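Just below is one structure, and these are the notes that go with it.
Values quoted throughout were computed directly from the atomic coordinates according to the rules given, and no laboratory measurement underlies them. Quick caveat: nothing in here was measured; it's all calculated off a predicted structure. Cβ: placed from backbone, ideal geometry, glycine included. Neighbour counts: every protein chain shown.
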Amino acid sequence: MNNRTSLEGCVSIVTGARGGIGRGISRELAAAGSDVVLQIERDQRDSVEVNDAARARPLVEEIEALGRKALPINCDVSNPAHVEAMVDRTIEAFGRLDVLVNNAGIVNTFRLEDMPEDEWDRVIDVNLKGMFLCCRAAIPHLKASAGAIINNGSIASFGGASGLTHYCASKHAVIGLTKALALELAQYDVTVNAVCPGIVDTPMWSEVLTPDPEQYKAVISRVIPLGRDQTPEDMGRAAVFLATNANITGQSITVDGGITSRAT
Ligand SMILES: NC(=O)c1ccc[n+]([C@@H]2O[C@H](COP(=O)([O-])OP(=O)(O)OC[C@H]3O[C@@H](n4cnc5c(N)ncnc54)[C@H](O)[C@@H]3O)[C@@H](O)[C@H]2O)c1
């Protein structure tokens, strides 16, 4: 059994590390003692002149300021060759892997009857297949370290939302994958759990779901019993908690200010 009470001396991979929640998770893992491999994706919003190292630099500096090493790696999580290369590069650089956080995810909104097939595929490929590919590549190394996998679910892992059939299907599947993989890996002392965020103010909301800040505020006060949105650091602290508890596996922690507790 692993006896981790901190992540001192550990190495973690965080996918989607440059996104809102990914940054918070990366910072909290580093604060708990882990070196962090930051999986970043070439972002269509960036100009082609901006190179990968430059895009990752602010986050690298934040991790280094916490006294930990940071290694940015460019990778599309839905591409098996990219994912295998990312894990190989991690082992080459650090010699071990203790924690995999599958955080990368995308959303777009279409009613199902109008959904182009490639939009359906894109969401499932990143949110679900990407998770499968990252787990598959990481498992041999996590077995060696009695490591931990943390999958990013959502409140959409437990309920539906109009216009988000593909996203909800992918996030419900995260819970099934988490439970089944927890059983497969229990004999190796590898734990597999999910963190399910409620509403976190990231580009996923500001650029896709609710670009209007007033509408975002209205959503917060209407749906969240605690009356405030959640933070990337909330998700990071939940990930650290799960990564340092050897007897929790196959579970999900919902960090949503009470949204999913409502009966009506
Ligand atoms: N923001 C929320 O309120 C919220 C709520 C519930 C769940 N989530 C989940 O949290 C995770 C992070 O979301 P966020 O809010 O930080 O969004 P975000 O858009 O800020 O970050 C998403 C990250 O995923 C990366 N990514 C997208 N496609 C990728 C690919 N093919 N390969 C590698 N990386 C890719 C992006 O580059 C980005 O860094 C997602 O899985 C999302 O579904 C977010």
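For region 59-69, the Karplus equation 6.51 cos²θ - 1.76 cosθ + 1.60, evaluated at θ = phi - 60°, returns couplings of 6, 4, 5, 5, 5, 5, 5, 8, x, 10, 8 Hz by residue, with Gly and Pro reported as x.
In terms of packing, defined here as the mean over residues of other Cβ atoms within 10 angstrom, the peptides 224-230, 14-20, 120-126 line up highest first as 14-20, 120-126, 224-230.
What net charge do the residues around VAL11 carry, taking every other residue with its C-beta under 9 Å from that of VAL11, with Lys and Arg at +1 and Asp and Glu at -1?
On the way: positive: LYS69, ARG96; negative: ASP35, ASP98.
Neighbourhood net charge equals 0.
Peptides 187-197, 55-65, 29-39 ranked from most to least packed by the mean count of surrounding Cβ atoms within 10 Å: 29-39, 187-197, 55-65.
So what is the relative contact order of region 143-264, in percent, for Cα pairs below 8 Å that sit 6 or more residues apart? It comes to 34 percent, rounded to a whole number.
Net charge near MET115, counting Lys/Arg +1 and Asp/Glu -1 over other residues with Cβ under 14 Å of its Cβ?
Numbers: positive: ARG111, ARG122; negative: GLU113, ASP114, GLU117, ASP118, GLU119, ASP121.
Net charge around MET115: -4.
Available extension along the chain between THR260 and ALA161 is 34.4 nm, counting 0.36 nm per residue and deducting the alpha carbon span. Residues whose amide H lies under 5 Å from that of SER252, counting only those 5 or more places away or on a different chain, are ALA194; hydrogens are built 1.01 Å from N in the peptide plane. Computed extension length for GLU119-ASN247: 42.2 nm, one decimal, from 0.36 nm per residue of separation with the Cα-Cα distance subtracted.
The amide H of LEU71, built 1.01 Å from its N in the peptide plane, has VAL36, VAL37, LEU38 as neighbours under 5 Å, considering only residues 5 or more places off or on other chains. When only C-alpha pairs under 8 Å and at least 6 residues apart count, what is the relative contact order of the chain, in percent? Over the chain, the number comes to 23 percent.
Using just its DSSP H runs of length 4 or more, each adding -39500 (n - 2.57), the chain gives a mean residue ellipticity at 222 nm of -13000 deg cm²/dmol after division by all residues.
For a test of understanding, tell me how many lysine pairs in the chain have Cα atoms under 20 Å apart, given they are 8 or more places apart or on different chains. Write out the running numbers ahead of the final one.
Values: LYS129/LYS171; LYS129/LYS179; LYS143/LYS179; LYS171/LYS179.
Lysine pairs meeting the criterion: 4.
For VAL77, the shell of other residues with beta-carbons less than 10 Å away shows a net charge of -2, using +1 for Lys and Arg and -1 for Asp and Glu.
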